[in-house]
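Structure first, commentary second.
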Amino acid sequence: MSNLPQGELCSVYSFAQGEDPIGSATPFKRCLLVELPTPWDRDVWSTSDTTKAIKKIAGMASRPGDAVRLLAFQPDPNPDPARAGLSRVFVYRRPESAAGFSTYAKREYLVPSGELLTVLPELLQEPVPASLPAGVQELGGQTRDIFLCTHADRDVCCGRFGKELLETLQMSDQVRSQPALRLWRVSHLGGHRLAPTLMDMPNGMAFGHLTADTALSLLERNGNLEAVLRCYRGWSGMEPMAQIAERAVWRETGWQWTEYHRQASVLARNEDKSGTVRIDWAAPDGGASGSWEVSIEHRDQVHTLNNSFTEKYFYIDRFEVTTTVPV
């Protein structure tokens, strides 16, 4: 490794090498996001006794096959004075449906900051608690929340490229004209070599290597779909191989795909990393449904870098879809 270039930004290196982000979204059934003031450590959950306790609570609420995904996000830079002393908490849950789903069910709360450790276990209960703990407010209304990683202490690429993208989006007419569209600075989403990275909630889609133009197309769900697909890490409602197949079907279907209920079945998973995936879908109004069968082949490997300004180089697989057929 000594003859490899030094001083690289991992995201710049990854993009230059042609790393494909698809298949790198973290699958989850539940996701807990807790508003926490900065500064954060590189591992946000090691920052303080409180963050360590929150991590323990999420771990205790996890079950086999249902690990709670835990993220922190920074407070609103323009907070409502009436909400002083309250911490915002999001809990997203995957709906149980035989027809698949398109969005996670969101519950948004304002919790007295001093009561976080007492209240969080109740908010993570399954099934959803019938009543709220004392002092907790639930916020209604449908919102679209974009969680964009700017966690500079994790990797400089997140701090640099994530912050640049966030500031560009905040100034855009697309964001300013949509009060239900909110941008949040979130902790490490995984894959800082793909920075800038974001998670689009409640639909659970993740993206990386974003440009401002591509991010704006994503927010509008309009424009150059192919450019957006090149930045697509995958949908958190599916496992990595299925994420590759789901992108192929999105390419065939167009922007309306983001609204369809969908689910995946891996029909074949071969030793050479090829496979076949079936994607079932249904229109949100229930008026149409169908299936696609997608064949995936292992293409090659590309050289990439896991952390900026290190020698943590490695090879990562790339895949290609050979057939996408409606069945």
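The values are calculated or read from the model by the stated rules, or taken from the named source; none is laboratory data. As the structure is a computational prediction, the values presented were derived from the model and not from experiment. Cβ coordinates were reconstructed from backbone atoms using ideal geometry, including for glycine residues, and neighbour counts include every protein chain displayed.
Just to be sure before I move on: is residue 266 surrounded by fewer than 20 Cβ atoms within 10 Å (Cβ to Cβ), touching a helix residue (DSSP H, G or I) at 6+ places or on another chain (Cβ under 9 Å) and of a type in the set (A, V, I, L, M, F, W, C) in the structure I sent?
Yes; evaluated as a whole, the condition is true for this residue.
Looking for something in contact with a Gly (Cβ under 8 Å, 6 or more places away or on another chain), acidic (Asp, Glu) and closer than 22 Å to residue 290 by Cα - is there at least one such residue anywhere in region 229-239?
No - not one qualifying residue is present in region 229-239.
Out of everything in region 247-259 that is in contact (Cβ under 8 Å) with a residue 40 or more places away in the chain and surrounded by 22 or more Cβ atoms within 10 Å (Cβ to Cβ), what residue ends up being nearest to the chain's Cα centre (by Cα)?
Within region 247-259, the match that is nearest to the chain's Cα centre (by Cα) is 247.
Which one is surrounded by the most Cβ atoms within 10 Å (Cβ to Cβ), of the residues in region 170-216 that are over 13 Å from the mean Cα position of the chain (by Cα), among the basic types (Lys, Arg) and under 28 Å from residue 107 (Cβ atoms)?
Filtering first and then ranking leaves 182.
So that you can scan it fast, the table gives a plain yes or no per residue for (1) at pLDDT 95 or above; (2) surrounded by fewer than 22 Cβ atoms within 10 Å (Cβ to Cβ); (3) basic (Lys, Arg); (4) over 27 Å from residue 74 (Cα atoms):
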| site | (1), (2), (3), (4) |
| --- | --- |
| 5 | no, yes, no, yes |
| 11 | yes, no, no, no |
| 17 | yes, yes, no, yes |
| 26 | yes, yes, no, no |
| 30 | yes, yes, yes, no |
| 33 | yes, no, no, no |
| 36 | yes, no, no, no |
| 40 | yes, yes, no, no |
| 43 | yes, yes, no, no |
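Testing residue 38 on (1) under 28 Å from residue 182 (Cβ atoms); (2) part of a loop (DSSP other than H, G, I, E, B); (3) touching a residue at least 40 places away in the same chain (Cβ under 8 Å), one condition comes back false. Which one is that?
Unmet for residue 38, out of (1) under 28 Å from residue 182 (Cβ atoms); (2) part of a loop (DSSP other than H, G, I, E, B); (3) touching a residue at least 40 places away in the same chain (Cβ under 8 Å): (3).
Working only within region 217-239, note down all residues that are among the acidic types (Asp, Glu) and either surrounded by 20 or more Cβ atoms within 10 Å (Cβ to Cβ) or closer than 15 Å to residue 169 by Cβ (or both).
Once the filter is applied, which keeps residues that are among the acidic types (Asp, Glu) and either surrounded by 20 or more Cβ atoms within 10 Å (Cβ to Cβ) or closer than 15 Å to residue 169 by Cβ (or both), region 217-239 yields only 220.
Looking only at region 72-119, count every residue that is assigned to a loop (DSSP other than H, G, I, E, B) and crowded, with 18+ Cβ neighbours inside 10 Å and tell me the total.
Qualifying residue count for the region: 5.
Looking for something over 23 Å from residue 38 (Cα atoms) and either surrounded by fewer than 20 Cβ atoms within 10 Å (Cβ to Cβ) or among the charged types (D, E, K, R) (or both) - is there at least one such residue anywhere in region 147-163?
no
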